[in-house]
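Asks: To start, I am sharing the structure in question, which I have written as structure tokens.
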Amino acid sequence: MKYFYNLLFLSLIACSQLISPPSKKLSEEQMESIFYDLVLLNASKSVDPKLYDEQGVSISNIIYKKYGVDSLQLAQNISFYTSNPQKCKEILSRVNIRLEKEDSLLRKENIPNVPVKESSSDSLKIIEK
């Protein structure tokens with residue numbers, strides 16, 4: 001998560017400047033997917049950071065390999081998209097919608113379907129004094 005916040009901080013600093021498109025400009029959909037993956041990977045690492053360390057897994061390297069970019073290209077694209085706050089807000093909003101949808105699907109899968117019996121009698125026994 002720290003990595004994600006560092007990228008976001010770098011991006012926010014770039015918002016105050018006019019940024020030209022990077023030489024390898026990623027589409028909005030690719031940026032959305034990158035942010036989505038970063039959130040999921042950082043969340044999974046926060047659950048078991050020792051596993052990531054033991055396996056030598058680097059979240060950055062996963063992103064670079066999956067999307068065929070290097071750290072400079074990713075930083076340039078983040079700076080480019082965050083230089084347009086409205087566009088950045090739209091992308092992050094779509095990421096949030098995807099996360100909420102995924103969360104609701106997972107919650108739905110984890111809730112057992114227990115049939116509810118309707119009864120005309122009270123399930124509580126009446127205690128006589």
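The values are calculated or read from the model by the stated rules, or taken from the named source; none is laboratory data. Remember, predicted model here, so these are calculated numbers, not experimental data. For neighbour counting, all protein chains shown are included, and Cβ atoms are generated from backbone atoms with ideal geometry for every residue, glycine included. The accessibility values were calculated without ligands, DNA or RNA, using every heavy atom of the protein model including side chains. Shrake-Rupley method; radii C 1.70, N 1.55, O 1.52, S 1.80 Å.
Asks: Just checking, how many residues over segment 93-109 are more than 26 Å from Tyr81 (Cα to Cα) and either open to solvent by less than 80 Å² (accessible area, probe 1.4 Å) or not in a helix (DSSP H, G or I) (or both)? Let's see the steps before the verdict.
Replies: First, the residues of segment 93-109 that are more than 26 Å from Tyr81 (Cα to Cα): 103-109.
Remaining after also requiring either open to solvent by less than 80 Å² (accessible area, probe 1.4 Å) or not in a helix (DSSP H, G or I) (or both): 103-104.
Matching residues across segment 93-109 total 2.
Asks: Moving on to the next point. Cβ-Cβ below 7 Å, separation at least six or inter-chain, first residue in segment 31-45 and farther than 20 Å from Glu90 by Cβ and open to solvent by 10 Å² or more (accessible area, probe 1.4 Å), second part of a helix (DSSP H, G or I) and of a type in the set (Ser, Thr, Tyr): which pairs?
Replies: From segment 31-45, the pairs are Lys45/Tyr52.
Asks: Is it true that some residue in segment 40-55 is charged (D, E, K, R) and under 20 Å from the mean Cα position of the chain (by Cα)? Talk me through it step by step, then tell me what you get.
Replies: Just the residues of segment 40-55 that are charged (D, E, K, R), to begin with: 45, 48, 50, 53-54.
Still in the running and under 20 Å from the mean Cα position of the chain (by Cα): 45, 48.
Yes, that holds for at least one residue.
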